[in-house]
Amino acid sequence: MVKVFIPPLLRDATGGLDQVEVSAVTVRQVVSALESHYPGIRERLCAGDSLRPGLAVAVNGTVSSVGLLQKVPDGSEVHFLPAIGGG
């Protein structure tokens with residue numbers, strides 16, 4: 001199982017849950033598992049076949065450079081992170 005931390009702006013899609021556990025081996029499978037339990041969440045995480053612009057995913061504290069293709073070992077923590085602008 002993989003622990004997925006739900007960002008505040010998506011918690012309305014999960015009934016207010018801030019974390020859930022799913023069975024997955026890639027981020028793409030994490031998103032699919034979330035969609036099966038919380039219909040509509042995929043559209044908020046993905047644009048076509050990739051993560052939405054301005055959204056990143058971190059697995060075990062490391063931000064992924066391969067997005068949905070990122071491997072997710074059993075017992076991992078997955079965070080979907082909105083981009084932070086600066087100047």
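The values are calculated or read from the model by the stated rules, or taken from the named source; none is laboratory data. Quantities reported herein were computed from a predicted structural model and do not represent experimental measurements. Here Cβ is always computed from backbone atoms with ideal geometry, including for glycine, and neighbour counts include all displayed protein chains. Each accessible area value is taken on the protein alone, full model and side chains, heavy atoms only, with ligands, DNA and RNA left out. Shrake-Rupley method; radii C 1.70, N 1.55, O 1.52, S 1.80 Å.
Residues in segment 2-52 that are open to solvent by less than 80 Å² (accessible area, probe 1.4 Å), over 11 Å from the mean Cα position of the chain (by Cα) and of a type in the set (Asp, Glu): Asp18 alone. Filtered by the rule that a residue be exposed (fewer than 11 other Cβ atoms within 10 Å of the Cβ) and either more than 17 Å from Met1 (Cα to Cα) or in contact with an Asp or Glu (Cβ under 7 Å, 6 or more places away or on another chain) (or both), segment 67-87 gives Ala83, Ile84, Gly85, Gly86, Gly87. Screening segment 53-66 for residues that are of a type in the set (A, V, I, L, M) and open to solvent by 60 Å² or more (accessible area, probe 1.4 Å) and picking the one that is nearest to Phe5 (Cα to Cα) gives Val63.
For first residues located in segment 36-61 and assigned to a loop (DSSP other than H, G, I, E, B), partners that are open to solvent by 70 Å² or more (accessible area, probe 1.4 Å) and lie 6+ apart or on another chain with Cβ distances below 6 Å form the pairs Gly54/Ala83; Asn60/Glu77.
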